[in-house]
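The values are calculated or read from the model by the stated rules, or taken from the named source; none is laboratory data. Please read all numbers here as calculations on a predicted model, not as lab measurements. Cβ coordinates were reconstructed from backbone atoms using ideal geometry, including for glycine residues, and neighbour counts include every protein chain displayed.
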């Protein structure tokens, strides 16, 4: 089951070109991925997703607070907020991960992204027990289903 998408006009067609044939994306080394590197690709894509800006913008304030030029020290917190932005290569791999999940059915797609997003900024990895409660099964079953989905994806790429 391979999704066929024409990237020029963004319409789904049943033609011989697939997203792999597009020169816009760099998919030349996708055949070199093994199962472990596919899983790592999704974990990195989930982390990149959290670094992207929000889809809905907050309304900006249109006024300045009143303060005197001499009293600039009245503000206690002078530390700057640092925002981590993803690099172009990380965004390319995020796009690759998004396109790769189009080859899977909806259940596998949701499971892969749920596992990947639960492991963001966690040294211990994905929260298998929490995902087991979400899917109404044990943590080991969720882990086995995730591995089965990644292996299925790997076989579709071969």
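Here is a list: 77, 71, 56. Which entry is more than 26 Å from the chain's Cα centre (by Cα), exposed (fewer than 10 other Cβ atoms within 10 Å of the Cβ), in a loop (DSSP other than H, G, I, E, B) and modelled with pLDDT under 90?
Details: 71 fails: in a loop (DSSP other than H, G, I, E, B); 56 fails: more than 26 Å from the chain's Cα centre (by Cα).
Among 77, 71, 56, only 77 is more than 26 Å from the chain's Cα centre (by Cα), exposed (fewer than 10 other Cβ atoms within 10 Å of the Cβ), in a loop (DSSP other than H, G, I, E, B) and modelled with pLDDT under 90.
Against the condition more than 15 Å from the chain's Cα centre (by Cα) and at pLDDT 85 or above, how does residue 100 come out, does it pass?
Details: more than 15 Å from the chain's Cα centre (by Cα): no; at pLDDT 85 or above: yes.
It is false that residue 100 is more than 15 Å from the chain's Cα centre (by Cα) and at pLDDT 85 or above.
Does region 111-124 contain at least one residue that is assigned to a loop (DSSP other than H, G, I, E, B), within 22 Å of residue 41 (Cα to Cα), modelled with pLDDT under 90 and touching a helix residue (DSSP H, G or I) at 6+ places or on another chain (Cβ under 9 Å)?
yes
State the number of residues belonging to region 125-137 that are part of a loop (DSSP other than H, G, I, E, B) and over 19 Å from residue 49 (Cα atoms).
Here is the first cut: in region 125-137, the residues part of a loop (DSSP other than H, G, I, E, B) are 125-127, 135-137.
Retained after the next criterion (residues that are over 19 Å from residue 49 (Cα atoms)): 135-137.
The total comes to 3.
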